[in-house]
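The values are calculated or read from the model by the stated rules, or taken from the named source; none is laboratory data. Values in this document were obtained by computation on a predicted structure and should not be read as measured data. Virtual Cβ from ideal backbone geometry, glycine too; neighbours counted across all protein chains shown. The area values use the complete protein model at the heavy-atom level, side chains included, leaving out ligands, DNA and RNA. Shrake-Rupley method; radii C 1.70, N 1.55, O 1.52, S 1.80 Å.
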Amino acid sequence: MEPSARWDDIGKLVLRWTVAALMLFHGVYKIEHGIAWMAEPLRQFGLPFFIGYSVYVAEVVAPVLLILGLFTRLSALAIAFDMVMAVVLVLRDQAFTRKEMGGGWAIELEAFFFFASLAIVFLGAGRYAIGRRTDSGRRTSDAGRR
């Protein structure tokens, strides 16, 4: 493996772990405090409340899978979709505004998660992942592979 490819794979690992670790804080918060507050935004769009439970997939299961490097692209896509739904359901009025404190974009956190997750969808997991595939497309463990 050439050195630049190794650095690329380390960069993918750092990106995966950053998105996953930061998203897990949001998922754990929802586990501790529930999602009852989602009922009204979902109702306003004519969506049933049970759809709100998908937030646990996107904010708990998907980050754990990203950390491990399993189903990486699908997990990142779940997080990206979660951010689209967060903006549409809750933050749509803030999409074109800035925060008073600091002047940042009002939805910059959601935008970060969306675009970083989208980058993972396109980049894949890299070499340092449990679920990585060989060039022939077969799933393999990193053990014994150089």
Q: Give the residues of region 55-114 that are among the charged types (D, E, K, R), within 18 Å of LEU42 (Cα to Cα) and open to solvent by 80 Å² or more (accessible area, probe 1.4 Å), sorted by residue number.
A: ARG92, ASP93
Q. Quick one: is LEU13 touching a residue at least 24 places away in the same chain (Cβ under 8 Å), assigned to a helix (DSSP H, G or I) and more than 20 Å from LEU118 (Cβ to Cβ)?
A. no
Q. Of the conditions (1) over 13 Å from ALA125 (Cβ atoms); (2) part of a helix (DSSP H, G or I); (3) out of contact with any Pro (no Cβ under 6 Å at 6 or more places or on another chain), MET23 fails just one. Which one is it?
A. (3)
**Q.** The lone exception for PRO41 - which of (1) within 21 Å of the chain's Cα centre (by Cα); (2) surrounded by 13 or more Cβ atoms within 10 Å (Cβ to Cβ) it fails
**A.** (1)
Q: Report, by residue number, each residue of region 64-73 that is farther than 18 Å from PHE112 by Cα and part of a helix (DSSP H, G or I).
A: VAL64, LEU65, LEU68
Q: Determine whether LEU77 is part of a loop (DSSP other than H, G, I, E, B) and modelled with pLDDT of 95 or more.
A: no
